[in-house]
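The values are calculated or read from the model by the stated rules, or taken from the named source; none is laboratory data. The structure displayed is predicted, hence computed values, not measured ones. Ideal geometry is used to build each Cβ from the backbone, glycine not excepted, and the neighbour counts take in all protein chains shown. What goes into the accessible areas is simple: the full protein's heavy atoms, side chains included, and nothing from ligands, DNA or RNA. Shrake-Rupley method; radii C 1.70, N 1.55, O 1.52, S 1.80 Å.
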Amino acid sequence: MAQPQQIAERESEQQSLIALGWAALPASYRIPDEAPTLAEARAWCKHLAETHYENFHVATWFLPERLRPHFHAIYAYCRVSDDLGDEVGNTQQSLALLDLWGRELDACYEGRSRHPVFVALAETIHACSIPKEPFADLLTAFRQDQTVTRYATMQDVLGYCRYSANPVGRLVLYTCGYTDEERFRLSDATCSALQLANFWQDVRVDFAKDRVYIPQDDMQRFGVTDVTIQQGIATPEFRALLKYEVDFARNLFHQGLPLIQMVNRDLALDLDLFSRGGLEILNAIEHQDYDVLSDRPAISKGTKLRLALRAVSGKFLPFLRLGVSRGKAA
């Protein structure tokens, strides 16, 4: 059994790691001495959501205004959690901060919120009856990123997606009033496909962080090693490997498309847009002949606008939605 002095030393070490971790992040991320009001907390989350953007940006202008504060709170939780894991630059400091954030999540569910994220999130949790699991699952993924850098099989990669991506879709469904397992299953397929599309797009970016999400058994089967990625040369073997992974992700997108027809019109528009965007990333990789090593594939502003207009059209003309026309993103 640990002695009181050992416990005190460990606690002091953790506090030191936490202080160093906070110092690497925006000052506004730190836990304030006094909890903000709900209005102040929602304003904090809204500002964070509106000044950041990426593929998992769930607070979009397409959703009803009454739901936006809830999506701002969820987005802020996801954004800060991700930054605690990815933007600190020190594994032990990140793990200490993620553990602290997990304790703040527990306190939120116990009615003791202090941080703006959790003050706003507590209202969302209450209004939308959201369980703790999806929030906690995201922290599991961010902790895993600190210690796991390679995945043996696609099932292992999908196991990671179960914590890193799928909870986001489930949080969206909870917020919109959907709680059934069939919708969750379809959402999981879409979210995992989005995660895979981002992985295949960012092979070089992730490798610079010593992370390889392409399954090791697939790499071995196609004759690709870390050296190939490091050298930045898309060999025929690498292109064949990426084609295989892109085809897998595209099939996963198609598995999730029926969800678009199973939700209300506003959410259907968002889901349609996310799916089109993810499929377009895969198309961009294909158009580069699967060379993601010399140039990161990206979607042009014109293509993004076209996808948004097509998705908006699907709001009023349902036959234009992806869940009906199941080809590649138009």
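Return a whole-number percent for the relative contact order of the chain, with Cα pairs under 8 Å and 6 or more residues apart as the contact set.
15
With every protein chain kept in the model, how would you rank His70, His47 by accessible area, 1.4 Å probe, largest at the top?
Working: His70 20, His47 120 Å².
Largest accessible area first, the residues go His47, His70.
I need the semi-axes of the equivalent ellipsoid of segment 256-302: take the C-alpha gyration tensor, multiply each eigenvalue by 5, square-root it, list largest first in whole angstrom. Please report the intermediate quantities before stating the final value.
Details: eigenvalues 155, 23, 7 Å².
Taking √(5λ) for each eigenvalue gives 28, 11, 6 Å, largest first.
For Arg239, Arg265, give me the order by solvent-accessible area with a 1.4 Å probe, most accessible first, ignoring ligands, DNA and RNA. Spell out each step's value before the answer.
On the way: Arg239 70, Arg265 125 Å².
Largest accessible area first, the residues go Arg265, Arg239.
Please name whichever of Gln216, Gly21, Ala49 sits farthest to the positive end of the charge dipole of the chain, dipole taken about the Cα centre and charges placed at Cβ: Lys and Arg +1, Asp and Glu -1.
Result: Ala49.
When the chain is modelled as a GNM with alpha-carbon springs shorter than 10 Å, which of Pro116, Pro36, Pro26 fluctuates the most?
Pro26
If you count only protein heavy atoms with a 1.4 Å probe, what accessible area per residue comes out for the chain, rounded to a whole Å²? Could you put the intermediate results ahead of the total?
Working: 15210 Å² over 330 residues.
About 46 Å² of surface per residue is accessible.
Can you give the helix-only mean residue ellipticity at 222 nm for the chain, where every DSSP H stretch with n ≥ 4 adds -39500 (n - 2.57) and the sum goes over all residues, rounded to the nearest 500 deg cm²/dmol?
Values: 15 runs with 220 residues, N = 330.
After summing the helix terms and dividing by residue count, I get -21500 deg cm²/dmol.
Give me the accessible area of Asp247, 1.4 Å probe, in Å² rounded to the nearest 10.
In the full protein context, Asp247 sits at about 60 Å².
Ignoring ligands, DNA and RNA, what percent of the accessible area of segment 166-239 is carbon or sulfur (1.4 Å)? Please list the in-between numbers first.
On the way: 1470 of 3020 Å².
On segment 166-239, the fraction of accessible area on carbon and sulfur atoms equals 49 percent.
Classify segment 1-144 as rounded, prolate or oblate from the Cα gyration tensor: take a ≥ b ≥ c as the square roots of its eigenvalues, call it rounded if a/c is under 1.5, otherwise prolate when a/b beats b/c and oblate if not. Spell out each step's value before the answer.
Working: a/c = 2.00, a/b = 1.70, b/c = 1.17.
Prolate, since a/c reaches 1.5 and a/b exceeds b/c.
So, with a 1.4 angstrom probe, what is the percent of accessible area on segment 1-148 that is carbon and sulfur?
Values: 3770 of 7540 Å².
Carbon and sulfur atoms account for 50 percent of the accessible area of segment 1-148.
With 13 Å as the cut-off, how large is the P(r) tail for segment 139-186, expressed as percent of Cα-Cα pairs?
Values: 692 of 1128 pairs.
Beyond 13 Å sits 61 percent of the P(r) for segment 139-186.
Calculate the all-directions average of the projected area of the chain's alpha-carbon convex hull, and give it in nm². Mind dumping the intermediate values first?
Details: hull surface 73.4 nm².
Seen from a random direction, the Cα hull of the chain projects 18.3 nm² on average.
Quick check on segment 158-254: take the gyration tensor over C-alpha atoms, sort the square-rooted eigenvalues as a ≥ b ≥ c, and tell me if it's rounded (a/c under 1.5), prolate or oblate.
On the way: a/c = 3.21, a/b = 2.29, b/c = 1.40.
Prolate, since a/c reaches 1.5 and a/b exceeds b/c.
Could you please put Thr149, Thr124 in sequence from largest to smallest accessible area, using a 1.4 Å probe? Mind showing how you got there, number by number?
Working: Thr149 45, Thr124 0 Å².
If we order Thr149, Thr124 from most to least accessible, we get Thr149, Thr124.
Mind checking which helices in the chain clear 24 Å along their axis (Cα) and have mean Kyte-Doolittle hydropathy of 1.6 or more, DSSP H runs only?
none
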